[in-house]
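Q: My questions will all concern the structure given below.
The values are calculated or read from the model by the stated rules, or taken from the named source; none is laboratory data. Since the model is a prediction, treat every value here as computed from it, not as a measurement. Positions of Cβ are generated from backbone atoms using ideal geometry, with glycine treated the same way; all protein chains shown enter the neighbour counts.
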Amino acid sequence: MAAARADAAAPTAAAAAETAPAPTPAALFAGAARAVPVSRLDDVRGGAEVTVNDMRLHGTVADNAAVNTLSGTNHITEGAFSNAAGIPTAIQNSGSNVLIQNATIVNVQFK
């Protein structure tokens, strides 16, 4: 009998979850970052004479262990990027406990 009640309640709980309002962006990103003031952005807007390239990657690998691991080699062979479009990037890792951070800044200037 209790199982029948649980089965009957399940659709109601699922329906309530589907109709629950989505969290606001402020709630999703609370404490993650602060907005940059407009006064700081004024000098780096499109068309500015100064190009600002500032990618900050601050990853950390700590308090972990790799035990009885087997690492190998990586190979990129001819033709791997033969039909690539855009800016192809290859990131390889042949070890353990490795933090890989990658950033690409593309500056496009139209005249």
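Q: From the residues in segment 66-77 that are hydrophobic (A, V, I, L, M, F, W, C) and exposed (fewer than 10 other Cβ atoms within 10 Å of the Cβ), which one is nearest to Met55 (Cα to Cα)?
A: Residue satisfying both the conditions and the ranking: Ile76.
Q: May I ask you to say which residue of Ala80, Ala84, Ala103 is within 30 Å of Val52 (Cα to Cα) and more than 19 Å from the chain's Cα centre (by Cα)?
A: Ala84
Q: Among the residues of segment 37-73, how many are among the β-branched types (Val, Ile, Thr) and modelled with pLDDT under 80?
A: Number of matching residues: 4.
Q: Quick one: which residue in Asn93, Asn83, Asn97 is exposed (fewer than 10 other Cβ atoms within 10 Å of the Cβ) and assigned to a loop (DSSP other than H, G, I, E, B)? Full working, then the answer.
A: Numbers: Asn93 fails: exposed (fewer than 10 other Cβ atoms within 10 Å of the Cβ); Asn97 fails: exposed (fewer than 10 other Cβ atoms within 10 Å of the Cβ).
Going through Asn93, Asn83, Asn97 in turn, the sole match is Asn83.
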